[in-house]
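The values are calculated or read from the model by the stated rules, or taken from the named source; none is laboratory data. Here the structure is a predicted model, which is why all the values come from computation and not from measurement. Please note: Cβ atoms are built from the backbone with ideal geometry, for glycine as well, and neighbour counts cover all protein chains shown.
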Amino acid sequence: MTTPYASVPLRRFLQGLTDGPFGSSLTGSHYSDDGARVIRLGNIGEARFKADDEAYIPMEYFAELRRHSVESGDLLIAGLGDLGNPVGRACLAPEGLGPAIVKADCFRARLDERRLLHRFAVWALNSRSVGQQVLTLTRGSTRARINLDVAKAIEVPVPPLKEQFRIADYLDRETARIDTLIEEQQRLIEMLRERRWAVVERGVALLDWNTPFKTVATLIQTGPFGSQLKSDEYEDGGIAVINPSHIVAGEVAPNPRIAVGVKKAEQLARHRLEEGDLIVARRGDLGRCAVIGPSAAGLLCGTGSAVVRLDRARMDSSFAATVFSSRRNRDALALASVGSTMENLNSDIIGALRFPVPSLDEQRRLTAELEQATAKIDTLIAETERFIELARERRAALITAAVTGQIDVRETV
């Protein structure tokens, strides 16, 4: 093992650092169909620029905001994070970008590349060691944020310049292989899910789908509004709040960091989940849902979720979950969803879904048959997801080991 490299604050290498315009300087009213690109948080991936989220401002307005401009090869750093997208993640502005600016909570940095390469700094900022350091500097629990002063204080390992080139080349090559493998496995999961949906569709296709979902529910209620539950009210180890990201493969997977204390839970008592309830995602992957079992009873429905309390004399919870997540209802939810930038279901949309309501015995029989028919597919999906998780772990460990000098990239092939 080689000797770890010394860590140095970014400020020592900065030739320029800016964030995006805040408040009224850049709002939705300023956007146009073309012109100068606006780089937003969704564009900053972990060592990868995500080009799909496109936004533009007129060139005339770009001239007024030029101090926020970005050029190809600049270092882009995310000043805001959440559970799936870490604060401090970084990527390079891509070649051929054209005129562009950063938006609020996005930082553009230019380094003295005679001492610290942008390419190497990207990998360093995305390493676990630096990521953990950034978390200690952040404010907020679920939407961690850093400012320019904090960004300047981030310490990164700084090997000799020739070694930075070697490490960046090595990680470009090795992570590309891992990323390709992950993409292949993700496509496999998509294919398996399509197959699963087809099996379910065949099992329930001939039923009568004319009953509004609200008629077999005693309660359909969305989670608390943002003003009723703020991220700074979360505390580790309290009563878990179930958001869409905690609904995984038909199960509830609470995050102990996304929880509230007893007093706050009492204020949100109307959002408490009961055994047999159906919790559904109002955002993101519409159709995602789970049945609340004994271990999740008493937890709280989060802002991005909704709870459906069923008339148990007419509707079996497991059957309702199967039908709710069917391809037919996923498509119906996508068409009916509201919101301009994010799909967002409300109680009326959920209640208007059409459901088949055969007898309870028939519901349970069909559920058992469908569970048996989809069991092998579910196993394959779970195994593939585990493979992806391990591949991501390998990628993260490789980045950290390389940038901190724990492996000698000169000895690798």
Inset, instruction - Tally the residues that are farther than 18 Å from residue 123 by Cα and part of a loop (DSSP other than H, G, I, E, B), restricting the search to the range 37-46. - result: 1
Inset, instruction - Go through the range 93-138 and give me each residue that's among the charged types (D, E, K, R) and touching a Phe, Trp or Tyr at 6+ places or on another chain (Cβ under 7 Å). - result: 112, 115
Inset, instruction - Please note which helices (runs of 4 or more DSSP H) are completely contained in the range 320-413 and include at least 1 residues that are touching a helix residue (DSSP H, G or I) at 6+ places or on another chain (Cβ under 6 Å) and of a type in the set (Lys, Arg). - result: 327-336, 360-403
Legend entry - Candidate set: the range 190-245, residues that are within 21 Å of residue 256 (Cα to Cα) and among the hydroxyl-bearing types (Ser, Thr, Tyr); chosen: the one modelled with the lowest pLDDT: 231
Legend entry - Count - residues of the range 94-115 that are surrounded by fewer than 22 Cβ atoms within 10 Å (Cβ to Cβ), under 17 Å from residue 47 (Cβ atoms) and touching a residue at least 40 places away in the same chain (Cβ under 8 Å): 3
Inset, instruction - Only residues that are free of Cβ contacts under 8 Å to residues at least 12 places away in the same chain and among the charged types (D, E, K, R): list them for the range 317-336, please. - result: 331
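Condition check ((1) at pLDDT below 95; (2) outside any loop (DSSP other than H, G, I, E, B); (3) basic (Lys, Arg); (4) surrounded by fewer than 20 Cβ atoms within 10 Å (Cβ to Cβ)) across all residues:
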position	(1), (2), (3), (4)
124	no, yes, no, no
129	yes, yes, no, yes
132	yes, yes, no, yes
143	yes, no, yes, yes
152	no, yes, yes, yes
Legend entry - When residues of the range 225-257 are limited to those that are crowded, with 18+ Cβ neighbours inside 10 Å and part of a loop (DSSP other than H, G, I, E, B), the one nearest to the chain's Cα centre (by Cα): 243
Legend entry - Some residue of the range 138-159 being within 23 Å of the chain's Cα centre (by Cα) and either assigned by TED's automatic domain parsing to the domain that holds residue 283 or without any contact (Cβ under 8 Å) to a residue 40 or more places away in the chain (or both): yes
Inset, instruction - Looking at (1) within 27 Å of residue 309 (Cα to Cα); (2) surrounded by fewer than 17 Cβ atoms within 10 Å (Cβ to Cβ), find the lone condition where residue 184 falls short. - result: (1)
Inset, instruction - Can you work out which of the residues in the range 315-327 that are crowded, with 17+ Cβ neighbours inside 10 Å and not polar (S, T, N, Q) is farthest from residue 365 (Cα to Cα)? - result: 324
Inset, instruction - Restrict the check to the range 291-298 and report whether at least one residue is surrounded by fewer than 19 Cβ atoms within 10 Å (Cβ to Cβ), of a type outside the set (S, T, N, Q), in contact (Cβ under 8 Å) with a residue 12 or more places away in the chain and closer than 22 Å to residue 378 by Cα. - result: yes
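To keep it simple, each residue is scored yes or no on (1) among the charged types (D, E, K, R); (2) loosely packed, with under 15 Cβ neighbours inside 10 Å; (3) modelled with pLDDT under 95.
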residue	(1), (2), (3)
332	no, no, yes
347	no, no, yes
359	no, yes, no
363	no, no, no
391	no, no, no
395	yes, no, no
398	no, no, no
Legend entry - Residue match in the range 51-58 (condition: touching a residue at least 24 places away in the same chain (Cβ under 8 Å) and closer than 18 Å to residue 122 by Cβ): yes
Inset, instruction - Tell me, please, whether a residue that is on the phi > 0 side of the Ramachandran plot and at pLDDT 95 or above can be found in the range 61-78. - result: yes
Inset, instruction - Run residue 16 past the list (1) among the small types (Gly, Ala, Ser); (2) in contact (Cβ under 8 Å) with a residue 40 or more places away in the chain; (3) surrounded by 15 or more Cβ atoms within 10 Å (Cβ to Cβ) and report the number of the one that doesn't hold. - result: (3)
Inset, instruction - Kindly check whether there is at least one residue in the range 200-214 that is surrounded by 15 or more Cβ atoms within 10 Å (Cβ to Cβ), free of Cβ contacts under 8 Å to residues at least 12 places away in the same chain and over 30 Å from residue 274 (Cβ atoms). - result: no
